[in-house]
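Colleague: This is the structure I have questions about; it appears just below.
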Amino acid sequence: MKKLLSVLLVLALALALLPCAAFADSDGFGSYSDAELKQLYEAVRQEMQKRGLSTTKELTLREGKYIVGQDIEPGSYTLKCVETSGESYGDLYSSLGNFYGGQLGDLMGSLGGMVSNVINTEAKIIGDYGTVLKSFELKAGDSVRLTLEKNTALQISEGTCTLTAD
């Protein structure tokens, strides 16, 4: 009798803890249908945008034009220059200088150093009809904080940048 009572108590305890274990493994979204989950995500995303929060972590932007609201979500960001075209050209000229050697090599190496200092990455925030609202010139490692609003664009030229949400 004592064994039967012990077995029943252990069984009752195991059954009582079973829902807790199942709840611990569940993230609470398993009961949502795909359509409901997408609807919930869209509602959260829209509320974040209203508050000026970005859902984008970090983007690498090469030369080009990025439309805010399509390619990039509106919000506050830090734009950091990773590499300028001037550095790439400078490295190319320096390599050619090393190849040729002598006076021509010295000239090519100097030209490479000059090019890397002259050509910087340019970032522009563009509004309606191509109007430049803000413009930034960045060297590798430079960063700037900016706010991107819907119906504008961010144009990167002469380099590569990362865009990180604040």
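The values are calculated or read from the model by the stated rules, or taken from the named source; none is laboratory data. Just so we're clear, the structure is a prediction, and the values are computed from it rather than from any experiment. When the accessible area is computed, the model is the full protein with side chains, heavy atoms only, and any ligands, DNA or RNA have been set aside. Shrake-Rupley method; radii C 1.70, N 1.55, O 1.52, S 1.80 Å.
Colleague: At 1.4 Å probe size, what's the solvent-accessible area of Asp128? Round to the nearest 10 Å².
Modeller: Per-residue accessible area (Asp128): approximately 100 Å².
Colleague: Among the listed pairs Lys57/Lys134; Lys65/Lys134; Lys80/Lys139, which have their C-alpha atoms separated by more than 19 angstrom in this model?
Modeller: Lys57/Lys134
Colleague: On a 1.4 Å probe surface of the protein chains, which of Phe29, Phe136 comes out largest in accessible area, and what is the full order? Display every interim value, and only then the final one.
Modeller: Details: Phe29 100, Phe136 45 Å².
In descending accessible area the options line up as Phe29, Phe136.
Colleague: Ordering Tyr41, Tyr77, Tyr66 by how much accessible area each has at a 1.4 Å probe, largest first, what is the list? Working shown, then result.
Modeller: Values: Tyr41 130, Tyr77 0, Tyr66 45 Å².
Descending order: Tyr41, Tyr66, Tyr77.
Colleague: Also, I was wondering about something else. Just read off the accessible area of Glu83 with the full protein assembly in place, 1.4 Å probe, to the nearest 10 Å².
Modeller: Roughly 80 Å² of Glu83 is accessible to a 1.4 Å probe.
Colleague: Same structure again: Working out 0.36 nm times the residue gap between Val144 and Thr164, then minus their Cα-Cα distance, what length gain in nm do you get to one decimal? Before the final figure, lay out the partial values.
Modeller: Working: separation 20, 0.36 × 20 = 7.20 nm, distance 1.06 nm.
Computed gain between Val144 and Thr164 is 6.1 nm.
Colleague: Any number yet on Rg/Rh for the range 118-161, C-alpha, Kirkwood?
Modeller: With Rg and the Kirkwood Rh in hand, the quotient comes to 0.97.
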